[in-house]
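Since the structure comes first, as structure tokens, the remarks are kept for the end.
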Amino acid sequence: MGAEWSFSDEAARFWLKTQDFEAVLSYMISADNVFLALNESNADLGFLALQNAAGGIVSETVQALAKNQSEIVEYVPYQIDQCLLAKKKNIAAKAVCSHPHALAQCSIILNTEFSDTPLITAGDTALAAQQLAKGIISPETYVIASEAAANHYGLVILKKSIQNLAKNKTDFIVVRSTEKR
């Protein structure tokens, strides 16, 4: 789940370093797409965000788990450090865009420094960064995403670690389909 340069991508790469096999990552974006790939034998394992200390349960994952026969292979806790990104320095924000869980994880800064600024939800933090970089969303929009996404897309990091909790852990799970094929 998640796009390239997302926190899911970072966490999956972190987990893969601890394994004794190599893998090719495919970016499915949604939990339903992960299970579709698993059930159609297009993937052996899926990697999904389950819950975050500040953002709570990832309901999309829980719903997909309930609809599909699978087993959880491993839990992978991973530190999430949200960054406030912009197209350029010295641009006033007319909106802030990110995934709903990232917005929830950063509610304190959003409520104090951006209380009058509209929030725009995106399907993925890294996709929001990509859209800002490509001019799909206004250059006067700030994005909340990872440092890796900022570096990859050439965005300016205005602030690092803007999440509410210093220990902002997300529990990811590695799943395998148990559907009969």
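Structure values in brief
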quantity: Which numbered condition Gly55 fails, given (1) crowded, with 20+ Cβ neighbours inside 10 Å; (2) at pLDDT 90 or above; calculated: (2)
quantity: Hits in segment 20-41 (condition: part of a loop (DSSP other than H, G, I, E, B) and in contact (Cβ under 8 Å) with a residue 12 or more places away in the chain); calculated: Ala23, Leu25, Ser26, Tyr27, Met28, Ile29, Ser30, Ser41
quantity: Single match in Asp81, Asp32, Asp44 (criterion: within 15 Å of the chain's Cα centre (by Cα) and charged (D, E, K, R)); calculated: Asp81
quantity: Positions within segment 82-98 being in contact (Cβ under 8 Å) with a residue 40 or more places away in the chain, farther than 16 Å from Pro118 by Cβ and not aliphatic (A, V, I, L, M), in sequence order; calculated: Gln82, Cys83, Lys87, Lys88, Lys89
quantity: Residue list for segment 101-120, restricted to those being touching a residue at least 40 places away in the same chain (Cβ under 8 Å), surrounded by fewer than 16 Cβ atoms within 10 Å (Cβ to Cβ) and not small (Gly, Ala, Ser); calculated: Ile108
quantity: Selected residue [at pLDDT below 95 and surrounded by 14 or more Cβ atoms within 10 Å (Cβ to Cβ)] from Ile162, Ile91; calculated: Ile91
quantity: Of all residues making up segment 121-140, the number that are crowded, with 17+ Cβ neighbours inside 10 Å, within 25 Å of Val58 (Cα to Cα) and among the β-branched types (Val, Ile, Thr); calculated: 1
quantity: Segment 28-38: number of residues that are modelled with pLDDT under 90 and over 18 Å from Thr125 (Cβ atoms); calculated: 0
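The values are calculated or read from the model by the stated rules, or taken from the named source; none is laboratory data. Computed from a predicted structure; not experimentally measured. Using ideal geometry, Cβ is built from the backbone for each residue, glycine included, and neighbour counts are taken over all protein chains shown.
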